[in-house]
1. Residues in segment B:293-308: is at least one under 23 Å from B:T540 (Cα atoms) and of a type in the set (A, V, I, L, M)?
2. Can you tell me how many residues within segment B:451-468 are more than 16 Å from B:Y190 (Cα to Cα) and either hydroxyl-bearing (S, T, Y) or not in a helix (DSSP H, G or I) (or both)?
3. Out of everything in segment B:174-216 that is assigned to a strand (DSSP E or B) and of a type in the set (V, I, T), what residue ends up being farthest from the other protein chains (Cβ to nearest Cβ)?
4. Just checking, does segment B:258-277 include any residue being in a loop (DSSP other than H, G, I, E, B), among the hydrophobic types (A, V, I, L, M, F, W, C) and more than 25 Å from B:P311 (Cβ to Cβ)?
5. Please indicate, with yes or no, whether at least one residue in segment B:294-312 is over 30 Å from B:K270 (Cβ atoms) and among the acidic types (D, E).
6. With respect to B:T327, is the statement that it is loosely packed, with under 13 Cβ neighbours inside 10 Å and β-branched (V, I, T) true?
7. If you take the residues of segment B:146-162 that are touching a residue at least 60 places away in the same chain (Cβ under 8 Å) and either part of a helix (DSSP H, G or I) or of a type in the set (F, W, Y) (or both), which of them is farthest from B:L57 (Cα to Cα)?
8. Identify all residues within segment A:488-520 that are at positive phi and within 27 Å of the chain's Cα centre (by Cα); write none if there are none.
Amino acid sequence: MANLCMLPEMKKSVSDSKVFVVGAGGIGCELLKNLVLSGFRNIKVIDLDTIDVSNLNRQFLFQKRHVGFSKATVAKESVLCLCPTANITAIHDSIFNPEYNMQYFKQFDLVMNALDNRSARNHVNRMCLAANVPLIESGSAGYLGQVTAIKRGVTECYECRPAPRQKSFPGCTIRNTPSEPIHCIVWAKYLFNQLFGEEDADQDVSPDTADPEANESGDNSKVKHQHAQVDAERKSTREWAKENEYNPSKIFNKLFAHDIRYLLSMDKLWTKRKPPTPVDWSEVESNSQTSVSEKDIQSVLSLEENAMLFSESIQNLKQKLENEDEDGILVWDKDDTPALNFAASAANIRAHIFGIETKSIFDVKSMAGNIIPAIATTNAIVAGLIVMQALCILNKQFDKCKSVFVRKCVNPAKKLLVPCCLDPPKPDCYVCAEKPEITIAVNIETFTVAELKDQFLKKHLGMLAPDVEILDGKGTILISSDEEDSGSFDFDRPLADFNIINGSRLRADDFLQNYDIIINLTHETKFENEEIFKVLEQTGVAQQQKSADVSATQDNTTVNNTNNDDDDDICILEENVASPEKKRKLQQSPNHDDHNSKAKRRKVSESQNDSSVLIID
Amino acid sequence: MLAQLSQVRPAKNLRFGFFQQGPLCFDLQYESVQMAEKEKKYDRQLRLWGDHGQRDLENASVCLINVTATGTETLKNLILPGIGNFTIVDGGRISGQDAGNNFFLDPEKIGEYKSKVAMELLQELNPDVKGEYVEEDVSQLLERTPQFFTGFSVVISGSLTLTVLKKLAALLWPHKVPLVVCLSYGFLGYIRIAVEEHAVIESHPDNAHEDLRLDDPIEDFVKFCDSIDLESLDKKDHSHTPYLIILFKYLQTWKNDHNGQVPNTWKEKKQFKAAILAGVRKNAEGVPEDEENYDEAAKHVNTAFVPNKIPPELKAILDDHKCLNITDSSSNFWILANGLRQFVQNEGSGFLPLRGSLPDMTSDSERYVKLQNIYQAKAAHDMQIVSNYVSHACSSLGCGNGRVSERDLKRFCRNAHFLRVLRTRSLEEEYKQPSKAVIDEFTSDSNSDALWYVLWRAVEMFYTTHGKYPGIEDEELEMDVSRMKSFVKDLMKSWGIPGAIEAVSDDSLQEICRCGAAEIHSVAAYMGGVAAQECIKLITGQYVPVSGAYIYNGLKSTSLTLAV
């Protein structure tokens, strides 16, 4: 037999290769099996996660008795049971661990991502660029899937296209003036953390007295001052709840009667809006003894039922909290029944108060957990496609790699799969371009070093441990990733305190990612919606193209991912709104090309809740 | 098969501890604990096909004929989401080669029956699913107890000899049991679905227009709109008037000025939008206020006036002889379709029952709820009429009123616009003469993957004649290539397109012979995903299955569906 795949040299390059699988979830399980059965023998697999019941409908290497165990370890054991000759190393760890540095990545011939979140995808992308190892990126969401190959200097990197911003809500909408169910759900999740979880100052749930709309004077400093004062006066919600022994009726009255009355007193808010109606516990205290649990989680509960559920879930959560250590906290998990019931009931009661549509527990779960549906079939399809690309790469046929999209249903050209040519690197990519520069506008008088580090360098640029030097000719260090040094910096001071002015330049560097970038600062005082910085420009020199085989076609779809809690395999095929004028070039025969270019592109909102999730076919 | 976890301990950051240790939130009966657990396990898929889709899946029984990697991968993807039960039919025993590319054949069990070993390993994937096996060859079973096959929800088969395949297909066809042939052959993947008729109520289109009926407004809606005078509303109410009302009011004015016509052309729509936006309130300085509802109204001009027509696919269903002539043996789908047809002809005066759902919009809750009630009441009213027709039909057919549940009726009416009926050609027809679609696709595009369908047909002819697949023996490779070429020639001649042989390159013939019938695991894994997805569509009656064949070209990562 002379199968292409079985040509002796091909067989050898596969069995001699060393590959790294990042993620052992839905795609990861399928991929491990496929690799081993395709002749791969040296595989390392890493996953931080442990097995959950909701994984079992597709992550076929796991069974119910494995719930709670390390995904990577169980996946390895299960594969070895049937393919004992493979050499698999399972790592139960975070891919962000500095142990997995550039040198570590260099040992592999190929890295394959089977990840579920954007920040890890970004990180692996940078590590592979730094180590110059080809990467296959993949994802699935419901019936949709995508596989694409990335190689330094040859194709676009994962970050060549701007990430869609996660839809966020202004704090005062959440705290003072909700108008949609999602606002109440976000509030309820914050409330959970305030009462039982890790407290976060950005997740306050009580009335926001600094709402600019309520204080039309608009004097910022005064508002800030007021705000601080109120904060100081108020005990933390957690302390308050503890003192009251998590008494459900007291908590209910504070949140839904007292706080709402306080909001009503901020009368400027209600000149254009329908004011909320406070609800007292005595009004909803239920006489009926029927348990709410008899209701379907798909039905919409009444106010009384929600109040009862609220009370029941507080008692349950209180119990759980008591089982923790002294400083123990609970972590909100959409798959934890009391946590979900708490969030659903609190959100629905608040929605009722503000005259907003209430939702079933099932729907709240989707919205709160940002759940992306996931099924075995799509993952099987995606993992099969990954291996086909892997074989091309190991066979030194990178030019045959494609970006392949899996559609929900057959398109007008009768295709379920849409393969596209890989694009060359974007010259202005702030990650893979040589000498990247980014220009941002900030208010130098108020923008602090901490904000620069956390909001811009870590959150926006995806750095892990940035070092920042001011390019002032003296090499002043602004931020040092070295922990011993960091004590000497005053992170809460604004940039202006460090002689940074309009036009100053900074060099930010992440040692682990082997990534550095020049930041040009522009002074600006006007920002919309709680924004604290704006990206004005990105420039750089495209990586040297090493292969002429990759055609220079444009493609305005990209792998993307929503910032969800902990779900698997999410990856959204997304239209890049920044370049709508560019048309995707299909890798097909001429007459099909014609057919496809005529086919209209549609945007569909995927989950009923999250309008930031766009699907494009 | 799965790991014995001697050295693995639960990880510290156990996020899901509660479910294992603690009491559940409420006092649940044992049964509901099981239910809750199922809901958790299947949570991510319930969001795609709902409880009723899951129920259909759990009631399904699936048969796999012949244990191939593609076949077991398909079954795996059906067992994980929880079909009711499966049966594997295969009289063969495990060889080393089988175990090498099939995850569900244990290499330590070489020599044992494939059906038994695969069944046992597959069953481990999901304790809710029941597995059975028959260690007998399909041809014998077909001979001895043909009725064995007709009780399944779906029969999946790997490659069979043509005689057996045709016999199986002919057996299943009149019993309306869908046959899914699914195989991978080198870099080629092939699925063929044969089903006489498959009705889809929930086709889940991804570009559905809202059913707002602005061209045939509901009486109560008109009254409600008339009761609102936009001019006299205060600032708050003006900016919280639902856009539907705004659209309707401006539409009335427009129609008065345009001989009763709605804005049709792009230019008219643009004018209409401008008219709406001119209605935005202005403050004392003449600056327009921020009125989101007016923006929404302008934004929906393009979609809100799409005329309410019956789509051609639905028209064909309503005019189908099965819809016109229902009998006591008609399926619920046709009885419902008959009721729907009567509604459209009579009370509906050409329109479908109202869907009854409203999109989200900026509004105060009072008016939104009022609108919602109007739409829901009309939908319920329409549904009642359909229901009456259905009950009447049922009783006159003597098949009882309880036959169609209210839930089914509701789902049917809500999805009336998107109903689909799939009818594929039978294998008998396919092998007698090619469909026009095949000829067109193959002759009009020399790069089409329809080529691989042609080559697969030639491989079947090769096997029938030579009793083996081409390219199995290295030394006969060249000879097999030329043999294949002559089979393709014969096929083209019998299709009446002898000249089309030119489109079959020597490279492609080489390729199909070179793979020597090998099953490449990654192709098998891919095809297993696609085939299982098609089976789920067939079982749940949701989403539209491919109409005929699906071809995957692993060399180019392309695919094609073909009505063969």
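The values are calculated or read from the model by the stated rules, or taken from the named source; none is laboratory data. Small disclaimer: the values here were computed from a predicted structure and weren't measured. Positions of Cβ are generated from backbone atoms using ideal geometry, with glycine treated the same way; all protein chains shown enter the neighbour counts.
1. Among the residues of segment B:293-308, not one is under 23 Å from B:T540 (Cα atoms) and of a type in the set (A, V, I, L, M), which makes the answer no.
2. 5
3. Residue satisfying both the conditions and the ranking: B:V181.
4. Start the filter on segment B:258-277 by keeping residues that are in a loop (DSSP other than H, G, I, E, B), which leaves B:258-265.
Right, trim to among the hydrophobic types (A, V, I, L, M, F, W, C) and you get B:262.
The next check asks that each one be more than 25 Å from B:P311 (Cβ to Cβ); those that pass are none.
No, segment B:258-277 contains no residue that is in a loop (DSSP other than H, G, I, E, B), among the hydrophobic types (A, V, I, L, M, F, W, C) and more than 25 Å from B:P311 (Cβ to Cβ).
5. There is no residue in segment B:294-312 that is over 30 Å from B:K270 (Cβ atoms) and among the acidic types (D, E).
6. Yes: the conditions hold for B:T327.
7. Among those residues, the one meeting the criterion is B:L162.
8. Correct list: A:N514 only.
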